[in-house]
Amino acid sequence: MTTIEEARRRDEADPLHDYRERFHLPKGVIYLDGNSLGALPLATRDRLKEVVDEEWGHGLIRSWNDANWIDLPSRVGAKIAPLIGAQAHEVLACDSTSVNLFKLIAAALKMQSGRKVILSEPGNFPTDLYMIQGLQQQGLAEQRLAAPDEIEAALGEDVALLLLTHTHYRTGRKHDMARLTAAAHEAGALALWDLSHSCGAMPVHLNECDADFAVGCGYKYLNGGPGAPAFLYAAEKHHIDAEQPLTGWLGHKQPFAFEDDYTPAAGVERMLAGTPPILGLSALEVGVDLVAEMGIERLYAKSQALSEFLRECLSARGVELDLVSPDDPSERGSQLSFRHPEAYAISQALIARGVIGDYREPEILRLGFAPAYLRFEDMAETARHLAEILESREYERAEFNERAAVT
Ligand SMILES: *Cc1c(COP(=O)(O)O)cnc(C)c1O
């Protein structure tokens, strides 16, 4: 059986196959970058039209109450909660991942008097490290970096917080959340997990792992749209002690009492700062509903099957690439990263053929598998394109070697 026939057989047997119809996917495009910007759910267009025309246009300011706009951060947070193993009242959809990191790192530092070190790993996503460095510049934090297998040894008595990204954006490698959170606690540190490349692609068990804090992205696997609001999680046990420095009025106990003095809200709402972006949250809600409907376990199973099938198709075509992602699909997120000296030009040649993946420094061709809307047939086709590009050295063409601003 050729790989394309095998792909079609697998597509027919795929319980998520029909969900592809629920997304707008341009013709002739195989989209392998849903881990960077998720595709557009068709229902988002209808929902945004309704929010704009009816809730904003007609309802005007009445919609804060009538359309429950004011509850959107907690309503969408409650819907994200089961995807990450949290309780509904522990999660909020708000701000960007970067801003949520800042709030939670600062809150953790304040809870850990006498300890200033934030432990992370070299090569973590830049914004995670830059937020630590910003707090360091304010004199509040001290950054320490340890390679993955040296993290436990680096958890000294001065460590306030362990901050790690659960699934690495470049390699797709997954950390053992349960083990590392326990090690942090053993050393008297708190643990904050960045779930940007995990949420929506695999089950996460924050409560079970006893995680203290988490943040994650709304525009990747949750398909919330470009610049969608992010989310944050604070374990219930920290709702009294965790105090964040962006003490905007919506984190107040009674925002509409308009008091001069700040008193934080009793629950996770104390992590809010300013007025929520209603259009962005409305779009995110549609994306989250769709992920919940598809079921996170089914999405995860399919994401593993897709990436393994692509590898089979590549080896059937004799393509050997240097895989930097873990070999075992259970140890990686929903992506495969290959190292190649011409990775940038190869990614451009793929894009010219309608196969949209991306390039990450250094020398990494990154292919993401959003299981909600990709087919096994897309994997077989990707393998064919990649084999042809490598065989013919198509990537050597000058137009594939010019760098754009966003890679
Ligand atoms: C995508 C991503 C972010 C994004 O942060 P923004 O504030 O939305 O720009 C943060 N952390 C990680 C690990 C990411 O992958």
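Nothing in this text is a laboratory measurement; each read-out follows from the coordinates by a stated rule. These numbers were taken from a predicted model, which means no experiment stands behind them. Every residue, glycine as well, gets a Cβ built from its backbone with ideal geometry; the counts of neighbours run over all protein chains shown.
Among Ala214, Ile70, Gly156, whose Cα lies farthest out toward the positive end of the dipole of region 46-293, if unit charges sit on the beta carbon of Lys, Arg (+1) and Asp, Glu (-1)? The one lying farthest along the dipole's positive direction is Gly156.
Given Lys110/Lys237; Lys49/Lys302; Lys220/Lys302; Lys110/Lys174; Lys79/Lys220, which pairs have Cα atoms separated by over 22 Å?
As for pairs spanning more than 22 Å Cα to Cα, those are Lys49/Lys302; Lys110/Lys174.
Remark: the chain is approximated by an ellipsoid whose semi-axes, taken from the C-alpha gyration tensor as √(5λ), come to 37, 27, 18 Å, largest first.
Label separation (Asp328 vs Gln136): 3.3 nm, computed from points 7 Å beyond Cα along the C-beta direction. In terms of other Cβ atoms within 10 Å, Phe23, Phe213 run from fewest to most in the order Phe23, Phe213.
Under conditions of 25 °C and 0.890 mPa s, region 254-407 yields 132 µm² s⁻¹ as its translational diffusion coefficient, taking Rh as the Kirkwood radius over Cα pairs in the Stokes-Einstein equation. Relative contact order for region 63-152: 21 percent, from Cα pairs under 8 Å spaced at least 6 residues apart, divided by residue count. Computed packing ranks the peptides 46-56, 350-360 as 350-360, 46-56, most packed first, by mean other Cβ atoms within 10 Å. Once the Cβ-Cβ distance of Arg9 and Asp260 is raised to the sixth power relative to R0 = 56 Å, the FRET efficiency obtained is 0.25.
Name the aspartates and glutamates eligible as straight-distance cross-link partners of Lys116: C-alpha to C-alpha under 20 Å, and not fewer than 8 places from it in the same chain. Straight-distance partners of Lys116: Asp128, Glu142, Glu150, Glu152, Glu157, Asp158, Glu186, Asp194, Asp212, Asp241, Glu243.
Extension gain for Asn65 to Thr247 (0.36 nm times residue separation, less C-alpha to C-alpha distance): 63.2 nm.
When the chain is treated as a GNM with alpha-carbon contacts under 10 Å, the residue of Asp33, Asp158, Asp328 showing the greatest mean-square fluctuation is Asp328.
Close amide-amide hydrogen proximity is noted between Asp95 and Ala230, each under 5 Å apart and 5 or more residues distant or on a separate chain (H modeled in the peptide plane; Pro and chain starts excluded). Contact order for the chain, expressed relative to its length and based on alpha carbon pairs under 8 Å spaced 6+ residues apart, stands at 22 percent. Rounded to the nearest Hz, the phi-derived 3J(HN,Hα) couplings of region 38-55 under the Karplus curve 6.51 cos²θ - 1.76 cosθ + 1.60 (θ = phi - 60°) are x, 6, 8, x, 4, 5, 5, 4, 5, 5, 5, 4, 5, 5, 5, 6, 8, 5, where x marks glycine and proline.
Name the residue farthest towards the positive end of the dipole of the chain from the options Leu321, Leu48, Leu299, assuming +1 on Cβ of Lys and Arg, -1 on Cβ of Asp and Glu, about the Cα centre. Farthest towards the positive pole: Leu48. Restricting the calculation to Cα atoms, region 1-95 shows an Rg/Rh of 1.11 when the hydrodynamic-style radius is the Kirkwood one. Backbone geometry of region 166-171 corresponds, through the Karplus equation with coefficients 6.51, -1.76 and 1.60 at θ = phi - 60°, to 3J(HN,Hα) couplings of 4, 10, 5, 5, 8, 9 Hz, x marking Gly and Pro.
Across region 276-290, rounded Karplus estimates of 3J(HN,Hα) from the backbone phi angles (6.51 cos²θ - 1.76 cosθ + 1.60, θ = phi - 60°) give x, x, 5, 5, x, 5, 5, 5, 4, 4, 5, x, 5, 4, 5 Hz, Gly and Pro being marked x.
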